[in-house]
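A.B. asks: Dumping the structure here so I can ask a few things about it.
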Amino acid sequence: MRIIGLDYGTKTVGVALSDALGITAQPVETITRKEENKLRKTYARIEAIIEENDVEKIVVGLPKNTTVSAEKALMESGVRRENRKAVIDQIAAVFILQGYLDCQANAGR
């Protein structure tokens, strides 16, 4: 069972996917909207990712605290400022999804 994690913001959506065993989260892409209220293409892309990867569960997180954590992690790993913007939402989605996966693993113990 694969799980999709979304860092849902007003202009971008970071997307991460779990591995087939539901142990780790990997970044997939950042979906960008030109206008805040134009959601049709965003939803269509999320739906396509779900169908392409046989996703059975969706985890959505609030972007505020997670994005700060993702920014800090990227800075600590030496990613240049101009390169961070391209992946920040994906990393935030990874944090959201990995937090969920870890919580589920701990609940099973």
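A.B. asks: If you scan region 66-98, which residues turn out to be small (Gly, Ala, Ser) and under 13 Å from LEU6 (Cβ atoms)?
C.D. replies: Within region 66-98, ALA92, ALA93 meet the criteria.
A.B. asks: Only one of ALA92, ALA86 is among the small types (Gly, Ala, Ser) and loosely packed, with under 15 Cβ neighbours inside 10 Å; which?
C.D. replies: ALA86
A.B. asks: Right, here's the next one. Does LEU97 satisfy the criteria of being hydrophobic (A, V, I, L, M, F, W, C) and assigned to a strand (DSSP E or B)?
C.D. replies: Taking the combined requirement at face value, the residue does not satisfy it.
A.B. asks: Between a first residue in region 12-25 that is without any contact (Cβ under 8 Å) to a residue 40 or more places away in the chain and a second residue that is among the basic types (Lys, Arg), which pairs have beta carbons less than 8 Å apart while being 6 or more apart in sequence or on different chains?
C.D. replies: Every condition considered, the pairs that remain are ASP19/ARG2; ALA20/ARG2.
A.B. asks: Looking at region 16-63, which of its residues are assigned to a strand (DSSP E or B) and either surrounded by fewer than 17 Cβ atoms within 10 Å (Cβ to Cβ) or of a type in the set (Ser, Thr, Tyr) (or both)?
C.D. replies: SER18, GLN26, GLU29, THR30, THR32, GLU56, LYS57, ILE58, VAL60
A.B. asks: Could I ask something else about it? Output the number of the condition that VAL79 fails; it satisfies all remaining conditions of (1) open to solvent by less than 90 Å² (accessible area, probe 1.4 Å); (2) of a type in the set (Val, Ile, Thr); (3) assigned to a helix (DSSP H, G or I).
C.D. replies: The single condition VAL79 does not satisfy is (3).
The values are calculated or read from the model by the stated rules, or taken from the named source; none is laboratory data. What you see is a predicted model; the values in this text were computed from it and never measured. Virtual Cβ from ideal backbone geometry, glycine too; neighbours counted across all protein chains shown. Accessible surface is based on the protein model in full, side chains and every heavy atom, while ligands, DNA and RNA are left aside. Shrake-Rupley method; radii C 1.70, N 1.55, O 1.52, S 1.80 Å.
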